[in-house]
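A short worksheet on the structure shown next.
The values are calculated or read from the model by the stated rules, or taken from the named source; none is laboratory data. Quantities reported herein were computed from a predicted structural model and do not represent experimental measurements. Here Cβ is always computed from backbone atoms with ideal geometry, including for glycine, and neighbour counts include all displayed protein chains.
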2 protein chains.
Amino acid sequence: MKLSPWEIEARFRRHAVRLTRQRVAIYAALVNDASHPTADELYRTVKRQHPMMSRNTVYCTLGALRQAGLVQEVNVGHEVARFDGNVTVHHHLICRVCGRIVDVMDEELNRLAISSRQAEGFHVLGYRIEFYGYCADCQQARPDVLEHCG
Amino acid sequence: MKLSPWEIEARFRRHAVRLTRQRVAIYAALVNDASHPTADELYRTVKRQHPMMSRNTVYCTLGALRQAGLVQEVNVGHEVARFDGNVTVHHHLICRVCGRIVDVMDEELNRLAISSRQAEGFHVLGYRIEFYGYCADCQQARPDVLEHCG
DNA sequence: GACTAGACAGGAATGATTCCTACATAGCAT
DNA sequence: ATGCTATGTAGGAATCATTCCTGTCTAGTC
């Protein structure tokens, strides 16, 4: 999704996010990239246009945008944090082999309820579903399980 | 759930997991603890009985048990890895304030299907649902959002 | 145009996890 | 039972994503 500069500006103002060149560049890079990039991937992308950009700025910006509700963090297993510029309610499909993450937007999946007996007094705000399996490209491949211990 | 030593031994043999004092101690500690402890919490628990225990052994054992299918890893946001000795299909309810994780076992939630149009050729093996909200004890409390950047 | 709270760059610090190595032992075969 | 060998263990070093720190800069406002 290609976002115009003024649309980004409008979103920042609407969410009371301070407008800086760096933040706009980072947000644009994230929204243009459907692959759920890591902080470091965004850093390297944005650095091409802003050679002085610091890694710290990327982390701070992602933190600020997340708090503002313009960005969400996606975590797969215990791997490096990934980010998603799509903040509409949706879920994810994750390949066990290559780690690819695909968005799943299905109204059917947005109506789940938890029985109050199970909720144990919890006030449930929402939920996240992670489907896992093998993507089209990796059906043949087997996950490389190599863990070293001694 | 209190597990007898011979039941643990049987499970290890059934899953071809090499039987050592350390592994039994770690597995017993995990199964007895419904709070989804971290590797370090398990380490400190087990260390009381086995003062020579190394942290590395805890990590290796959890890795081996996970590969054997006796243990699963639960990840909340980008926090420290947590472990669950309950490997039956179930989901989690997570408190945004205190981080408490509660198991949700609800047959209704185990029948989700994803439309093939959305699946994009994925071979879906399973899924995991994380409900998030405020637990009974934390309904009043507000999540402490304090992020420092400069 | 000047002020000030907040953002930026650069680098140091943190800390969970992994890697390395020498020693110990479980499980199997004899 | 005894010895063999692959695997596990203890301890400590190394890794590396993320956070913290500090001085400088700048967006937003008056």
Subject >> Total residues in the range B:18-35, condition buried (at least 19 other Cβ atoms within 10 Å of the Cβ) and either within 14 Å of another protein chain (Cβ to nearest Cβ) or more than 12 Å from DNA strand D (Cβ to nearest atom) (or both) >> reply: 6
**OP:** Take the range A:46-69 and flag every residue that is surrounded by fewer than 20 Cβ atoms within 10 Å (Cβ to Cβ) and either free of Cβ contacts under 8 Å to residues at least 12 places away in the same chain or under 28 Å from residue A:98 (Cα atoms) (or both).
**Re:** A:47, A:48, A:51, A:52, A:54, A:55, A:56, A:59, A:60, A:63, A:66, A:67
Original post:
How about the range B:4-81: which helices (runs of 4 or more DSSP H) wholly inside it have at least 2 residues that are under 26 Å from residue B:132 (Cα atoms)?
Top reply: B:21-31, B:39-47, B:55-68
Original post:
For the range A:114-136, which residues satisfy the criterion of being loosely packed, with under 12 Cβ neighbours inside 10 Å and hydrophobic (A, V, I, L, M, F, W, C)?
Top reply: A:125
Original post:
Got a number for residues in the range A:2-22 being at pLDDT 95 or above, out of contact with any Leu (no Cβ under 8 Å at 6 or more places or on another chain) and of a type in the set (A, V, I, L, M, F, W, C)?
Top reply: 4
Subject >> Filter result (within 14 Å of chain A (Cβ to nearest Cβ), away from DNA strand C (no atom under 11 Å from the Cβ) and farther than 18 Å from residue A:149 by Cβ) within the range B:36-67 >> reply: B:36
Original post:
Which is surrounded by 20 or more Cβ atoms within 10 Å (Cβ to Cβ), more than 13 Å from DNA strand C (Cβ to nearest atom), acidic (Asp, Glu) and touching a residue at least 24 places away in the same chain (Cβ under 8 Å), of A:103, A:84?
Top reply: A:84
Original post:
Can you name every residue in the range B:60-74 that is in contact with a strand residue (DSSP E or B) (Cβ under 9 Å, 6 or more places away or on another chain) and over 15 Å from residue B:34 (Cα atoms)?
Top reply: B:62, B:65, B:66
Original post:
What pairs come up if the first residue lies in the range B:17-30 and is of a type in the set (A, V, I, L, M), the second is within 8 Å of DNA strand D (Cβ to nearest atom) and part of a helix (DSSP H, G or I), and their beta carbons are under 8 Å apart, counting only those six or more places apart or on different chains?
Top reply: B:17/B:23; B:17/B:64; B:26/B:57; B:26/B:58; B:26/B:61
**OP:** May I ask you to list pairs of residues, at least six apart or on different chains, whose Cβ atoms are under 6 Å apart, with the first in the range B:126-141 being more than 7 Å from chain A (Cβ to nearest Cβ) and the second being assigned to a strand (DSSP E or B)?
**Re:** B:138/B:95
Subject >> Some residue of the range A:80-97 being within 15 Å of DNA strand D (Cβ to nearest atom), under 30 Å from residue A:138 (Cα atoms), assigned by TED's automatic domain parsing to the domain that holds residue A:129 and at pLDDT below 95 >> reply: no
**OP:** Check the range B:125-138 and report whether any residue there is at pLDDT 90 or above, charged (D, E, K, R) and farther than 16 Å from residue A:103 by Cβ.
**Re:** yes
Original post:
Just checking, which of B:109, B:93 is more than 23 Å from residue B:16 (Cα to Cα), at the interface with chain A (Cβ under 8 Å from one of its Cβ atoms), touching a strand residue (DSSP E or B) at 6+ places or on another chain (Cβ under 7 Å) and not in a strand (DSSP E or B)?
Top reply: B:109
Subject >> Residues of the range B:38-75 that turn out to be of a type outside the set (S, T, N, Q) and in contact with a helix residue (DSSP H, G or I) (Cβ under 7 Å, 6 or more places away or on another chain), as a count >> reply: 14
Original post:
Does residue B:42 satisfy being more than 17 Å from the chain's Cα centre (by Cα) and either surrounded by 17 or more Cβ atoms within 10 Å (Cβ to Cβ) or touching a residue at least 12 places away in the same chain (Cβ under 8 Å) (or both)?
Top reply: no
